[in-house]
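FYI, it's all coordinate maths here, none of it is from the lab. Being a predicted model, the structure only gives us computed values, none of them experimental. In this analysis, Cβ positions are derived from the backbone assuming ideal geometry, glycine residues included, and neighbour counts consider all displayed protein chains.
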């Protein structure tokens with residue numbers, strides 16, 4: 001009888017550990033998705049929880065950017081500091097000029113605990129090639 005109780009207790013404990021592991025990994029799941037310019041535009045304009053993040057340099061941004069973007073220069077020394085002040089539960093739509101820096105930035109954001117990251121396929125170059133508008137700041 002003691003053997004049966006011990007086996008039952010071990011089985012119950014094992015099931016609880018497995019359940020905890022599965023549920024915690026589901027809730028902590030992080031996501032990075034590559035979006036075409038059309039999907040990027042459609043999804044990034046949905047709701048207050050969406051942040052369009054331009055990770056290019058200030059000089060690049062001065063040449064034009066997607067309307068409504070926030071910025072954090074990926075090449076600057078304070079990039080991680082700027083990210084640390086952002087809400088990790090929001091959806092981030094990230095882009096650079098060609099898409100190369102965006103991959104590294106998305107990885108860094110995931111390491112820092114950001115959960116929903118969407119990157120623009122081909123960066124701003126692809127955005128423009130597809131005929132999407134940009135805002136050119138006045139000097």
* Divide the volume of the convex hull of the Cα atoms of the range 29-129 by its number of residues and quote the answer in cubic angstrom per residue. => 88
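If we sort 45-53, 104-112 on the protection proxy, mean other Cβ atoms within 10 Å, highest first, what's the order? The partial results should precede the final answer.
Values: 45-53: 14.2, 104-112: 16.0.
By packing density, highest mean first, the sequence is 104-112, 45-53.
Could you line up 118, 79 from fewest to most neighbouring Cβ atoms inside 10 Å? List each step's numbers first, then the result.
Numbers: 118 23, 79 15.
With the sparsest Cβ surroundings first, the list reads 79, 118.
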